[in-house]
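Every number here is computed from the coordinates shown, using simple stated rules; none is lab data. Bear in mind the structure is a predicted one, so any value in this text is a computation, not a measurement. Here the Cβ positions follow ideal geometry from the backbone for every residue, glycine too, while neighbour counts run over all protein chains shown.
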Amino acid sequence: MAAETTPLAAFRNGVVFFAALAAASSALSTLAGFPSLGNLTRKYQHIVDHGADYSLVYVGSSRVFHEFIPARFDAELAARGHTVGSFNFGQDGMWPPESFYLLRKILAARPARLKWVLVDLMGIRPELEGSETTLRAIYWHDLHHTWIALRHIIETAENGRRTVPEKLLACLHHSGLFLQRSCSLGTGHRQLELLLGLKQRKTPVEVTDGGYEPGKPGPLDGNQRATFLAALGGLKRNPQPRPIPASFRDALATITADVRAAGAEPVFVVASNLYGAERFTDWPPAGVTVLAFDDPEKYAQLYDPYHRFDPHHLDPAGAEDFTRLLAARFAELLDTKR
């Protein structure tokens with residue numbers, strides 16, 4: 001007769017089962033490498049395979065993806081006597097902590113000629129839409145970058161997240177994503193299918209135009225134009241700099257150190273935007289370079305509604321203007337290094 005199972009034994013067996021399941025799934029996912037994330041995966045694999053072609057990588061959000069044209073940038077620098085091979089590693093909605101995670105993945109790939117990393121300077125945005133638990137939300141939640149998100153939520157009261165219950169829910173959400181990434185539950189089976197030959201690896205689509213993808217054509221009209229002009233008026237009133245959040249300051253310090261440890265130099269870029277959110281009273285520290293384009297008087301061409309496809313993004317003609325201006329500022333920086 002079989003021995004009766006006690007509640008304690010049942011609990012113990014359940015813990016052992018789920019621990020073994022998590023360990024097996026985690027081991028399989030470790031073999032899987034970079035997750036299947038469409039354009040991000042294509043760009044990452046391109047850097048792994050062709051990193052020796054590039055001495056400069058620009059990492060960031062849609063303000064990079066749709067506004068930085070590597071071929072134009074390289075040509076402008078060549079005309080000024082500098083040889084640079086650049087790559088656009090931008091993606092829609094990619095800001096810290098995710099962008100810092102991707103940058104560290106790029107550094108870990110050790111591109112042989114990498115000398116410069118341009119970083120889209122945007123504040124930490126730990127918000128995730130609704131109860132999003134997509135692979136895109138999960139993949140960057142390692143311990144380091146989850147902590148950046150948690151610390152920012154705890155220390156700040158941005159975007160209406162002021163109450164203790166709201167902060168607690170947000171922290172639980174990110175903690176859950178960290179656990180999902182750590183255990184890789186639900187993803188290890190993909191690698192097992194590949195190992196058993198049940199599925200074939202897809203051939204990555206080749207990355208073209210140095211990673212740049214043009215935005216829609218302008219101009220702004222209707223409500224979008226009105227929204228843009230109202231926000232632009234506020235920016236022209238020159239909002240005062242504010243102290244940098246401690247969580248962001250420390251995250252910037254560690255990413256700067258990591259880029260330098262990889263043998264490259266970071267340059268932080270503030271693209272044209274409507275709110276002056278990256279103007280800080282106590283940052284950058286000495287020795288850190290920031291190239292800012294958020295002055296609508298100095299860079300009026302970047303704030304022309306005729307060359308925007310929405311209030312926050314330049315159209316292809318505007319991207320040409322931004323790339324030329326960035327190349328000129330970067331050439332001045334290179335001249336000082338000679």
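Over 28 Å apart at the Cα level, from the set K167/K298; K216/K298; K115/K236; K167/K236, are K167/K298; K115/K236; K167/K236.
Approximating the spin labels as points 7 Å out from Cα along Cα→Cβ, the D335-to-Q224 distance works out to 3.7 nm.
Size descriptors for region 243-338: radius of gyration and Dmax over Cα atoms are 15.0, 42 Å.
Quick one: divide the alpha-carbon radius of gyration of region 214-284 by 2.2 N^0.38 Å and tell me what you get.
On the way: Rg = 16.7 Å, N = 71, 2.2 N^0.38 = 11.1 Å.
Against the empirical 2.2 N^0.38 Å value, I get 1.50 for region 214-284.
Which of R242, R104 comes first, and how do the rest follow, when ranked by fewest Cβ neighbours within 10 Å? Spell out each step's value before the answer.
Numbers: R242 12, R104 19.
Fewest-to-most Cβ neighbours within 10 Å comes out as R242, R104.
Here the contact order of region 246-338, divided by its residue count and restricted to Cα pairs under 8 Å and six or more residues apart, works out to 20 percent.
Can you sort E213, E98, E67 so the residue with the fewest Cβ neighbours within 10 Å comes first?
By the 10 Å Cβ count, ascending: E213, E98, E67.
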